[in-house]
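Inspection log for the structure reproduced underneath, given as structure tokens.
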Amino acid sequence: MMTPDRFQPLHFTQSAAEHYLSDFRQGFYNFAMRGRHLDAYSAYKRVASKDHINAYDREESSGLVNAKGIGNPSWRRSLPHMLVATLSSFLFGYHLGVVNETLDSISLDLGFSGNPLAKGLVVSTCLGAAFFGSIFSGWILDGVGHRRAFQLCALPMIIGASMSATTKSLWGMLLGRIFVGTGMGIGPPVAAIYVSEISPAFIRGTFGSFTQIATCLGLMGSLFIGLPAKDIVGWWRVCFWVSTVPAAVLAVCMEFCAESPQWLFKGAAHVKFAIAELSKSDRGDELEAVKFSELLYGRHFKMVFIGSTIFALQQLSGINAVFYFSSTVFKSFGVPSDLANICVGIANLSGSVVAMILMDKLGRKVLLLGSFSGMAVAMGLQVTGASSYASGSGALSLSVGGMLLFVLMFSLGAGPVPSLLLSEILPGRIRAKAMSVCMAVHWVINFFVGLLFLPLLEQIGPIVLYTIFATFCLLAVIFVKRNVVETKGKSLQEIEIALIPPQ
């Protein structure tokens, strides 16, 4: 079937075009207002109507539908919605790093100083709660839609941060961290899916990278705000209070944002093509409820397995051990913690910006391979720095330089790519729930890394521990090479049709 080189414009009158768009918009709106997640990109059964397929073929051959001919839709229309959504990523990063600089002060004020297990619980309790939040995020998203899911993400963060800021005991801190963790678990999968669905295909990688940049800004913000904690008694409480502001902004601004399919209605020139694209993948399928068992076997299991494994390897690389305990590690080398944290934040942000620029040029797979490879090399430098072969300034340079290189390489691919890639390759019908399962794997491993890093560092030493992290980075390179497909520049429907085998 040949596609014409030039797009033949549709000859609609203005009133007819407005009526056409109004009806299409109202159809989506009615689904959203009933509290059902509009899975407009479903292609699960592929048994539908020949009339839709034949109609699309006729229009394509006659020149009515041509993506290249009509050009790319404007990215400006979805930009404000994307920026609001990334507030959840900012909060995610902020709460990951808020205890980094303040943990010693918190332990002194609440009476668990010198107890590494209690310190680990302050970090990992939040991550354990995030596991449960992520598990239910898919069902929340399908049930109430993106806007309400974001608001349900912000609410426990406000409650939990307020509890942590006012607590007088370890148990109060842990309870507040549980609330915050629940919101952290809901946010990332919802943000990844929302951004991927509102973003035009030609810039989806760039927009997807904004979530990682927002996470970096959140981490850096928490580090900078936490700097006075060593000198000002009780400053750590201010650090928790500050986080309630962006959470409140997210909840309020989401009231004015659109559900993801509605961005299609902003430009009349692209609606015809969008409908045809949807009809190619949604060939008469019904919006049936997704059973949890469907994610664990059958033709969708491979993609769920790939997503879960990538997230698992991302965490087993040791990246969040660096973020959580970088102050402690740098302090052991005599490096001021505030300087070390600033350097870590700059390295993370710099790599994320470069990844944003390269995401839609080099592609997801190339960035993942380069990122994990560089992380393995960086861990090798840290192993060398911790060994007897290096001493004095040489050991310091290798250890600190290796850690900064590790963060930089992580932010180039292993950080921003997994959530973006999963939101692209998962079929629309199961996207929300499958993403929640993959993120749950992420949080489980994140929990144990946060809980066990300091005890393992003391018991087996940095050489063995960093060698284990480097090994997982190399395993990630092999896994990505064999299993990950490239998705840059393709619409979600094209990706779905290419990856899902027929029944």
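Some observations on this one:
- Y297 accessible area, 1.4 Å probe, all protein chains in place, Å² to nearest 10: 140
- By the compact-protein rule of thumb, 2.2 N^0.38 Å, the alpha-carbon radius of gyration of segment 339-421 corresponds to a ratio of 1.18.
- The HN-Hα couplings worked out from phi for segment 222-229 by the Karplus form 6.51 cos²θ - 1.76 cosθ + 1.60 (θ = phi - 60°) are 5, 5, 5, 5, x, 4, x, 4 Hz, whole numbers, x standing for Gly and Pro.
- Sequence-ordered 3J(HN,Hα) estimates for segment 478-487 from the Karplus curve with 6.51, -1.76 and 1.60 and θ = phi - 60° stand at 5, 5, 4, 4, 8, 10, 8, 9, 7, 10 Hz, glycine and proline given as x.
- With contacts taken as Cα pairs under 8 Å at a separation of at least 6 residues, segment 383-482 carries a relative contact order of 31 percent.
- Candidate residues L339, L499, L426: accessible-area rank, largest first, probe 1.4 Å: L339, L499, L426
- Taking the accessible area of segment 375-503, probe 1.4 Å, and keeping the other protein chains in place, the carbon and sulfur fraction comes to 70%.
- Remark: relative contact order (segment 159-258) = 30 percent; criterion is Cα-Cα distance under 8 angstrom and separation of 6 or more residues.
- Of the Cα atoms belonging to segment 185-228, the radius of gyration and Dmax stand at 13.2, 44 Å.
- Calculated SAXS-style log₁₀ I(q)/I(0) at q = 0.15, 0.19, 0.21 Å⁻¹ - segment 378-503, Debye, Cα scatterers: -0.86, -1.14, -1.29
- Solvent-accessible area of E486 with every protein chain in place, 1.4 Å probe, in Å² to the nearest 10: 60
- Cα gyration tensor category, rounded, prolate or oblate, for segment 141-241 with a/c compared to 1.5: oblate
- Using a probe radius of 1.4 angstrom, the carbon and sulfur fraction of the accessible surface of segment 139-246 is 77%.
The values are calculated or read from the model by the stated rules, or taken from the named source; none is laboratory data. Predicted model only: the values in this text are computed from it and were never measured. Note: accessible area is taken over every heavy atom of the protein model, side chains too, but ligands, DNA and RNA are not part of it. Shrake-Rupley method; radii C 1.70, N 1.55, O 1.52, S 1.80 Å.
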